[in-house]
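Below is one structure; the comments refer to it alone.
Read the figures in this text as sums done on the coordinates, not as results from a lab. Predicted model only: the values in this text are computed from it and were never measured. Virtual Cβ from ideal backbone geometry, glycine too; neighbours counted across all protein chains shown.
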Amino acid sequence: MSTEDPAPGAPDETPSAAPSAVARHIGRAGSYSKGIARRQEILDRAIEVFRERGADGTSLRRIAEAIGVSHGALLHYFSSREELLVAVYEHAENRPDPGRGDPSQERSVEVMANAALSNLEVPGLVQLYSTLVATALEVEAGPAKEYFTARFERVRGNLERKLREDQEAGLVRSDIDPARTAALVVAASDGLQIQWLLEPSIALQETLETFAVLLAP
């Protein structure tokens, strides 16, 4: 729901969220440049499908039909529906957002709010995030468990580092613990995005920006 990791969280960005992302891709990337490009094309198309209709619990075969590829072609890159959905979320989080500017230049109090707003550009993305996190909690191992466990650690670490930098610059109060505050801000961002799913009138950006007031020196 996308700190350098996006929000729903937040996008993989903040100092590390952006290109730091994940070293490896979910699923198989393909052996040659053509295969890698084809995988990217499939993920781009999947994001557009989710933008239009959401993931809506359909099977891998139905997703393949909606994307416009064969079931076999989809299985060439992704071994399961869960693996595909995690890859779609990862891909969406790490795509550049032309309207956002350079995330590395954002203050710590801006990171999660801006990342959350980027997520809302794809209506199905917040819902996909919530579904995958729930899946990660239900199983002992799997693509969602592995990805989101690492992602939460990365997001918290990126935001903690950003908070420390802002403390040193006199932009954030010095009497707060950066690690605990980072965990709190991430939790607030995720929780607000879930509330937004249920009640779209919630002022997501303004509410998250309240942290700027609370953390001001």
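Sorted by packing (mean other beta-carbon atoms within 10 Å per residue), highest first, where do 109-115, 80-86 land?
Values: 109-115: 26.7, 80-86: 20.9.
Averaged packing, sorted descending, gives the order 109-115, 80-86.
Classify the range 109-167 from the C-alpha gyration tensor, please: rounded if a/c falls under 1.5, else prolate or oblate depending on whether a/b exceeds b/c.
Note, shape of the range 109-167 comes out oblate.
Between Asp175 and Thr207, what length comes free when the chain is fully extended (0.36 nm per residue of separation minus the Cα-Cα distance, one decimal in nm)?
Full extension from Asp175 to Thr207 adds 9.3 nm.
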